[in-house]
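For reference, the structure is listed below as structure tokens.
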Amino acid sequence: GHTPLLRLRRASELTGCEILAKVESVNPGGSIKDRTALGLLLDAERRGLLRAGGMIVEGTAGNTGIGLALLGSSRGYRTIITMPQTQSREKIDALRVTGADVRLVPAVPYANPEHYAHQARRLAEAMNADDPGSAWFANQFDNTANRDFHEATTGVEIWEQTAGRIDGFVCATGTGSSLPRRNAGLNSLA
């Protein structure tokens, strides 16, 4: 968090507008997904869904898993990540360096029951069946703590860094609600 805004000089000159980029790559895990991971983890702790020394389980294509594994290990949790076997060696290695147990699975469409996210959910359910409360499925895709944390952090930072002088906002899918509640008239493209 508290990442800088960088003025994109050439784009600003070409358009006659001030074009800024939020530099999320300076987060510890190298992406905006560190915020997602922190928001999910803090919410789980607050709600008592993750016990001390517990297991974080998530299905991810990489960056959210890296954030969860980094934060998890720093807070005494273990992490299991299920991910498509097609992911880059760098992402797999980054996860393993954090101590995550990486389980590579075939890359299949989300509708397929063998999709990595579904496998993670089933794994957490099985662990909890054997030892209730031992595992927490982060569920980044459906967990509203993801959106809520971006609204409370990313959106607030951008609003403060621009002194509220923002007319449009473009972001990757998943973070689109960061600003529109601050300014209902804001053009937002996610």
**Vicinal HN-Hα couplings computed from phi for segment 127-134 (Karplus, 6.51 cos²θ - 1.76 cosθ + 1.60; Hz; Gly/Pro x)** = 4, 6, 5, 7, 9, x, x, 7
**Item:** Under the Debye formula (equal points on every Cα, no solvent term), log10 I(q)/I(0) of the chain at q = 0.15 Å⁻¹
**Value:** -0.91
**Asked** Taking amide hydrogens as modeled 1.01 Å from N in the peptide plane, which residues meet the under 5 Å criterion relative to Thr82, leaving out close sequence neighbours?
**Response** Glu58, Gly59, Thr60, Arg103
**Prompt:** What would the Debye formula give as log10 I(q)/I(0) at q = 0.14, 0.19 Å⁻¹ for the alpha-carbon point model of segment 33-144, no solvent?
**Reply:** -0.48, -0.91
**Calculated FRET efficiency for the pair Ala163/Val23, C-beta based, R₀ 22 Å, to 0.05** = 0.75
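Suppose R0 equals 25 Å; then what is the FRET efficiency for His2 and Ser88 from their Cβ-Cβ distance, rounded to the nearest 0.05? Could you put the intermediate results ahead of the total?
Details: r = 28 Å, r/R0 = 1.12.
Given R0 = 25 Å and the Cβ-Cβ separation, E is 0.35.
Want the number for Val108 to Val156: 0.36 nm per residue separation, take away the alpha-carbon distance, what's left? Intermediate results must be reported in sequence, preceding the final value.
Details: separation 48, 0.36 × 48 = 17.28 nm, distance 3.65 nm.
Here the answer is 13.6 nm.
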**Prompt:** Using the Cβ atoms and a cut-off under 13 Å, what net charge is assigned to the surroundings of Leu71, where Lys and Arg are +1 and Asp and Glu are -1?
**Reply:** 0
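To the nearest 20 Debye, how big is the dipole of the chain about its Cα centre, given +1 on the beta carbon of each Lys and Arg and -1 on that of each Asp and Glu? Write out the running numbers ahead of the final one.
On the way: 21 positive and 20 negative charges, 44 e Å.
Here the chain has a charge dipole of around 220 debye.
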**Asked** Ordered by packing density, taken as the mean number of other Cβ atoms within 10 Å over each peptide's residues, highest first, how do 99-112, 75-88, 28-41 rank?
**Response** 28-41, 75-88, 99-112
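Every number in this text was worked out from the coordinates using simple rules, so none of it is lab data. All figures in this text were calculated on a predicted structure; none of them were measured in a lab. Cβ atoms come from the backbone with ideal geometry, glycine included; neighbour counts cover every protein chain shown.
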